[in-house]
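What follows is a set of notes on a single structure, which appears directly below.
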Amino acid sequence: MKLNGDLPDIVPVFPLPGALLLPRARLPLHIFEPRYLAMLDDALKTPARLIGMIQPNPGPGGNKDGLHRIGCAGRVTQFSETEDGRYMITLAGVSRFRVVDEVEGFHPYRRCKVSWSGFEADRATEEHDPGFDRATFLTLLDRYFNALSLSADWDTLKDAEDELLINSLSMLLQFDPEEKQALLEAPSLTTRRETLVTLIEYALHGGQGEDMIQ
């Protein structure tokens, strides 16, 4: 497999609606389908140990096998096997990628030829959000959590670094798959935070159901 630095040109992909992985974040996964157990086994045999998380994209023609063009690859950093042969794994986000083409072959899981170009910042150091008004953001988040009867560790939220806070909320909050994709594709931490705020405000104004309150 040809490498671009330490990143391969071909990665196995795991199409999972609503599952969002972001660079430098961690995503726990429960692996139990035989094809994805085979994918994990093969990934662990490679130097990079990468699995690409990607959103399905049915498209206007209703193609159930369609994929979005941008996903995020994560390195398997932890895994444990259950007594019945399933695996609990953790992916550490490495970089987003753009799908060039799907690779045909005899693997039971899907693989894609990918480009890492344009996502160099994903592989750099931690990103910051210079215009982040944390107090205003946390006030909005408090309204959102109260509306959904959710609890939070506010001390941790107040002290978390910008990137950890914004990316963790982007991954954990219950948004639609297309909204998760918008958060993934945000070109910077600032635009991701702006997208996140828009989604929260939309939900508070009834975007996710008639019972949502302001």
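One line per residue, one yes/no per condition, for (1) in a strand (DSSP E or B); (2) at pLDDT 95 or above:
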{"position": "Phe14", "(1), (2)": "yes, yes"}
{"position": "Leu21", "(1), (2)": "no, yes"}
{"position": "Pro47", "(1), (2)": "no, no"}
{"position": "Gly59", "(1), (2)": "no, no"}
{"position": "Gln78", "(1), (2)": "yes, no"}
{"position": "Glu83", "(1), (2)": "no, no"}
{"position": "Gly93", "(1), (2)": "yes, yes"}
{"position": "Arg96", "(1), (2)": "yes, yes"}
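Please identify the pairs in which a residue from segment 126-147 that is among the hydrophobic types (A, V, I, L, M, F, W, C) has its Cβ atom under 7 Å from the Cβ atom of a residue that is assigned to a loop (DSSP other than H, G, I, E, B), counting only partners at least 6 apart or on another chain.
Every condition considered, the pairs that remain are Phe145/Ala152; Ala147/Met212; Ala147/Ile213.
Can you list the helices (runs of 4 or more DSSP H) lying wholly within segment 116-214 that have 2 or more residues being surrounded by 14 or more Cβ atoms within 10 Å (Cβ to Cβ) and β-branched (Val, Ile, Thr)?
Here the list reads 189-202.
Report, ordered by the first and then the second residue, all pairs with beta carbons closer than 9 Å, sequence separation of six or more or different chains, a first member in segment 153-166 that is under 12 Å from Leu141 (Cβ atoms) and not assigned by TED's automatic domain parsing to the domain that holds Leu21, and a second member that is buried (at least 18 other Cβ atoms within 10 Å of the Cβ) and among the aromatic types (Phe, Trp, Tyr).
Cβ pairs passing all conditions: Leu165/Phe137; Ile166/Phe137.
Residue under question is Arg69, and the condition is that it be basic (Lys, Arg), in the same structural domain as Leu40 (by TED's automatic domain parsing) and modelled with pLDDT of 90 or more; does it hold?
For Arg69, the condition - basic (Lys, Arg), in the same structural domain as Leu40 (by TED's automatic domain parsing) and modelled with pLDDT of 90 or more - is met.
Quick check on this structure: which one of Leu196, Leu184 is modelled with pLDDT of 95 or more, in contact with a Ser or Thr (Cβ under 7 Å, 6 or more places away or on another chain) and not assigned by TED's automatic domain parsing to the domain that holds Leu20? Can you show your working first?
Numbers: Leu184 fails: in contact with a Ser or Thr (Cβ under 7 Å, 6 or more places away or on another chain).
Sole residue among the options that is modelled with pLDDT of 95 or more, in contact with a Ser or Thr (Cβ under 7 Å, 6 or more places away or on another chain) and not assigned by TED's automatic domain parsing to the domain that holds Leu20: Leu196.
The values are calculated or read from the model by the stated rules, or taken from the named source; none is laboratory data. Values in this document were obtained by computation on a predicted structure and should not be read as measured data. Note: ideal-geometry Cβ built from the backbone for every residue, glycine included; neighbour counts use all protein chains shown.
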